[in-house]
Ligand code: UDP
């Protein structure tokens, strides 16, 4: 352990970001990569543009990953040895947290000290609290998903995850929640102190996601993704990881119930070759529902391909069981396409029902079909909602979101300068006992 430099004169602020279980460079929209990966990559880039030195640490999950690579000017990504260099489920990575923590410390020993640690997801938080303790600097955490929230939506999680989240909360100086709903959950279910929890929404790249010529986008998309059959009729877009909680099956079942446009097709975009089983299940369901020829599949698209996809779609559907924020809906709305989504989590706060999209109260095909019918059958309404949606999403611009995150950091640094970390006393022991349970 090295002594922290308490003066900041003449040097840039330095941030260590823990993203243990998944890399910000992983392809979003595939099995283990989604909103959090996009968030960590974009936030790092913006903080670097705002003058911070940012180092992100992730577990090495392939043998040929370089030790270090540049994410953006001023932001680097380190691959840390911890456990076998293969892809592992997050829960198994729990057993390698100590190795990861020590690996980060070894790398950091050769670098300038960090001013602050920001961790993403509970596994990373376990390393983050320990490193912040060793480095005597503040720790901020963002969970992205919480075990106890998933349980409410009938997705059981191992008890040591929730125990781990509690530990991270107890030992963190700030917890950043994406919505006031998440804040209430952190306080009510996890016992976080109100003063610890700050609400900062996820950021949006408005340079990429904005309104532009729909016809041009449809033409480009028809060329780039012929498998969608863009010219065949209006597209109902599902885009994201092909996991059951995202609810693509609900849309397949809704499709035959839509009366206003029998030529509407469902575009299911996401996943890669590892998701063939889920695609087969959806194809089978489409065949049983009599809409086999109207459900089109495409693999995950890269970030540059997304704006045309959103603009070319008539509506973007997000029928998830739960979303802590739901970047897809916000990206679609910013691109001028209304969203139809379940009234849960972040979706209930980012979508203004009847103005920028429609929220559906329960996850039945009838409810989704009725909402989709309403929009597909009324071009005027769809146009007005798309226009309002694009205008309202500017509140999520990365420029203001990154500024709000920096405000949190600055508050933590001032508080530390005044009084030292208030959290340290709550967490005298290491996380070893918890990790034994995880292994
Ligand atoms: N995404 C992507 N390509 C795809 C599918 C999804 O880049 O083919 C991105 C999408 O644009 C969004 C993120 O993955 O930024 C998904 O985030 P969201 O919050 O909607 O869901 P999560 O994956 O976090 O559950």
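Computed from the coordinates by the stated procedures, all read-outs in this text should not be read as laboratory data. What you see is a predicted model; the values in this text were computed from it and never measured. FYI the Cβ positions are ideal-geometry reconstructions off the backbone, even for glycines, and counts take in every protein chain you see.
A few comments on the model shown:
- Strands (runs of 3 or more DSSP E) (entirely within the stretch 100-196) containing at least 3 residues that are within 16 Å of the ligand (Cβ to nearest atom) and touching a residue at least 40 places away in the same chain (Cβ under 8 Å): none
- Among residues of the stretch 41-50, those that are buried (at least 23 other Cβ atoms within 10 Å of the Cβ) and within 11 Å of residue 202 (Cβ to Cβ), counted: 1
- Condition check for residue 364: closer than 22 Å to residue 29 by Cα and more than 12 Å from the ligand (Cβ to nearest atom): no
- Top-ranked residue in the stretch 66-81 [being outside any strand (DSSP E or B) and touching a residue at least 24 places away in the same chain (Cβ under 8 Å); ranked as farthest from residue 109 (Cα to Cα)]: 73
- Selection count, the stretch 235-293, where residues are within 16 Å of the ligand (Cβ to nearest atom), closer than 19 Å to residue 339 by Cα and in contact with a strand residue (DSSP E or B) (Cβ under 9 Å, 6 or more places away or on another chain): 18
- Members of the stretch 22-32 found to be within 13 Å of the ligand (Cβ to nearest atom) and part of a loop (DSSP other than H, G, I, E, B), listed by number: 22, 24, 25, 26, 27, 28, 29, 31, 32
- For residue 347, the conditions (1) in contact (Cβ under 8 Å) with a residue 24 or more places away in the chain; (2) away from the ligand (no atom under 11 Å from the Cβ); (3) touching a helix residue (DSSP H, G or I) at 6+ places or on another chain (Cβ under 9 Å) are fulfilled apart from (2).
- Of all residues in the stretch 207-227, those satisfying the criterion of being under 16 Å from residue 387 (Cβ atoms) and not in a helix (DSSP H, G or I) are 209, 210, 211, 212, 213.
- Qualifying positions in the stretch 171-184 - more than 18 Å from the chain's Cα centre (by Cα) and crowded, with 20+ Cβ neighbours inside 10 Å: 171, 172, 173, 174
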